[in-house]
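For reference, the structure is listed below as structure tokens.
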Amino acid sequence: MLFRSFLRQLGIAGAGLAWSPASLARAAGTNGPVVPAKGAPRNPDFNPKLPLTPEAIVTNYNNYYEFSTQKDRVAQLVGRFRTSPWSVWIGGLCSKPMTLDLDDLLKVAPPEERVCRFRCVEAWSMVVPWTGLPLAKLLSKVEPSPDALYVKFTTVLRPDEMPGVARLSDYPWPYTEGLRMDEAMHPLAFIATGLFGKPLPKQNGGPVRLVVPWKYGYKSIKSIVKIELVREQPETLWNTLAPREYPFESNVEPNVPHPRWSQATERDLATGNRIPTLPYNGYADQVASLYPRK
Ligand code: MTE
């Protein structure tokens, strides 16, 4: 309902008006501001000085298959999903495994805001102000052992609260994702607990999600309950379903087409314009050295 009432507020919910992110952006006044959201200070090292995608788009155009495969339905379907209390178990190959509730997690490092490019494998993109903490700070708390070569992340699985799970009954739930340890410890890898200076909305993966801005969006797993340090490359939901389409690494690479479409350009959701996709989603200077063979 949130979405429909939002459209009504904007006066664009009339019959026959086909909704698109671009039409919503036009109605909302094109791009959002470049000013920091309230709450946490913006980290100047992670601020590409791009106009933010309007909040109404970021919070109503969602991929969250546990709820729906229809992006504009997710925000309407998260109502019954309980995000409090919440705790995250972090363990596996480490000397101090622990379970942190959300308050503990928020105290691991001072919250900071980062503006990130966000590029989906489906070839659309947004510019998003996340609040949270570097993943490396969280992982350091548990003192990873040298044998930990990968990190596996798991989303909560509550079919009673997540109507999409039963509809995709052949999917290998729960949603899982993974990173190499060096990727996970990279300063760009981020744990988000907020968006636009507010607590992270459920449809965006609240209360806690991963943000890996140089990789396709599906690596940025939502509503995390488990982070496990492991020796072998972990299985992940998309890689298990379609390994040729969703490789484990999944860096944004404009020259490597998806088997079914080109990745050379992307649709900017704020303007509807097609823009060139940048290697590593614009973060090559920071992360290319992680991938020396390329
Ligand atoms: N995490 C879970 N648990 N379930 C999902 O369906 N979708 C992924 C990723 N994380 C997904 C997920 C995909 S495909 C994308 S593009 C992003 O979340 C979308 O994040 P957003 O809705 O905040 O834009």
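The values are calculated or read from the model by the stated rules, or taken from the named source; none is laboratory data. Keep in mind that what you see is a predicted model, and the values were worked out from it rather than measured. Here the Cβ is made from the backbone with ideal geometry for all residues, glycine too, and neighbour counts use every protein chain on show. The protein model used for the area step is the full one, side chains on, heavy atoms only, and it has no ligands, DNA or RNA in it. Shrake-Rupley method; radii C 1.70, N 1.55, O 1.52, S 1.80 Å.
Using helices alone, what [θ] at 222 nm do you get for the chain, with -39,500 (n - 2.57) per DSSP H run of 4 or more residues, divided over all residues and rounded to the nearest 500?
Rounded to the nearest 500, it is -4000 deg cm²/dmol.
Ordered by residue, what ³J(HN,Hα) values in Hz, to whole numbers, does the range 202-219 give under the Karplus form 6.51 cos²θ - 1.76 cosθ + 1.60, where θ = phi - 60° and Gly and Pro are x?
4, 5, 9, x, x, x, 8, 9, 9, 10, 10, x, 8, 10, 4, x, 5, 6
Each residue of the range 241-252 in turn: what ³J(HN,Hα) in whole Hz from Karplus with 6.51, -1.76, 1.60 and θ = phi - 60°, glycine and Pro shown as x?
3J(HN,Hα) across the range 241-252, in whole Hz: 5, 8, x, 6, 8, 10, x, 4, 5, 6, 6, 6.
Which percent of the accessible area of the range 157-274 is formed by carbon and sulfur heavy atoms (probe 1.4 angstrom)?
Carbon with sulfur: 52 percent of the solvent-accessible area.
For the chain, what does the accessible surface come to per residue with a 1.4 Å probe? Please give it in Å².
Roughly 45 Å² per residue, with all protein chains present.
Would any residue of the range 130-162 have its amide N under 11 Å from a label point 7 Å out along Cα→Cβ of ARG180? List them or say none.
Answer for this model: 150.
In whole Å, how far is the Cα centre of the range 277-294 from that of the range 79-100?
So the separation of the two Cα centres works out to 31 Å.
What list of ³J(HN,Hα) couplings, whole Hz, do you get for the range 271-287 from phi and the Karplus terms 6.51, -1.76, 1.60, once you set θ to phi - 60° and write x for glycine and proline?
10, x, 6, 8, 10, x, 7, 9, x, 6, 6, x, 10, 4, 4, 7, 10
Quick query: amide H of LYS215 versus all other amide H atoms, modeled in the peptide plane; which residues come in under 5 Å with a sequence gap of 5 or more or a different chain?
For LYS215, whose amide H was placed from the backbone, the distant partners under 5 Å are VAL252.
For the range 178-235, state which GluC sites (Glu not before Pro) are in a DSSP loop and have at most 11 other beta carbons lying within 10 Å of their beta carbon.
GLU232
Counting other C-beta atoms within 10 Å, and keeping those with at most 12, which DSSP coil trypsin sites (Lys or Arg not before Pro) do you find in the range 91-123?
Passing both the DSSP loop test and the Cβ count: LYS107.
Would you tally the net charge around ASP45, using a Cβ to Cβ cut-off of less than 11 Å, leaving ASP45 out, and scoring K and R as +1, D and E as -1?
Counting the neighbours of ASP45, the net charge comes to +1.
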